[in-house]
1. Pull out all pairs, ordered by first then second residue, where Cβ-Cβ is under 7 Å, the residues are six or more apart or on different chains, the first lies in region 40-68 and is among the β-branched types (V, I, T), and the second is in a helix (DSSP H, G or I) and open to solvent by less than 50 Å² (accessible area, probe 1.4 Å).
2. Scanning region 28-47 for residues that are among the aliphatic types (A, V, I, L, M) and at pLDDT below 95, which turns out surrounded by the fewest Cβ atoms within 10 Å (Cβ to Cβ)?
3. Which residues, counting only those in region 4-23, are open to solvent by 90 Å² or more (accessible area, probe 1.4 Å), polar (S, T, N, Q) and modelled with pLDDT under 90?
4. Anything in region 48-68 that is open to solvent by less than 90 Å² (accessible area, probe 1.4 Å) and over 27 Å from R15 (Cα atoms)? List them, or say none.
Amino acid sequence: MHEVASYARFSQFIRSPTRTLLYAGDMLRHKEPRYLGHNPLGAVMVVLLLLMVGGIALTGWMQTTDAY
């Protein structure tokens, strides 16, 4: 079995809000560090996309119930 690279782990994927804001500031100054996986802002985007897909699934299911 192959060992999973450390940058592919979900625990490495999510960064703290402070680190994400620091990265955004560095990006605006064109001094951001490079990442092998997602950068902190990319991680925020992916989490928001997952939440939106979950919201779409939830509201789609709610339309099949009699209450909505």
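1. Filtered contacts from region 40-68: V44/T20.
2. Applying the first criterion (among the aliphatic types (A, V, I, L, M)) to region 28-47 yields 28, 36, 41, 43-47.
Now restrict to residues that are at pLDDT below 95: 36, 41, 43-47.
Details: L36: 10, L41: 15, A43: 19, V44: 17, M45: 12, V46: 13, V47: 12.
My answer is L36.
3. Our first condition is that a residue be open to solvent by 90 Å² or more (accessible area, probe 1.4 Å); within region 4-23, this holds for 7, 9-11, 17-19, 21-22.
Those left that are additionally polar (S, T, N, Q): 11, 18.
The one that is open to solvent by 90 Å² or more (accessible area, probe 1.4 Å), polar (S, T, N, Q) and modelled with pLDDT under 90: S11.
4. Passing the criteria: T59, G60, M62, T65, A67.
The values are calculated or read from the model by the stated rules, or taken from the named source; none is laboratory data. All figures in this text were calculated on a predicted structure; none of them were measured in a lab. Note that each Cβ is placed from the backbone with ideal geometry, even for glycine, and that neighbours are counted across all protein chains shown. Remember, those area values only see protein heavy atoms, side chains included, never the ligands or the DNA or RNA. Shrake-Rupley method; radii C 1.70, N 1.55, O 1.52, S 1.80 Å.
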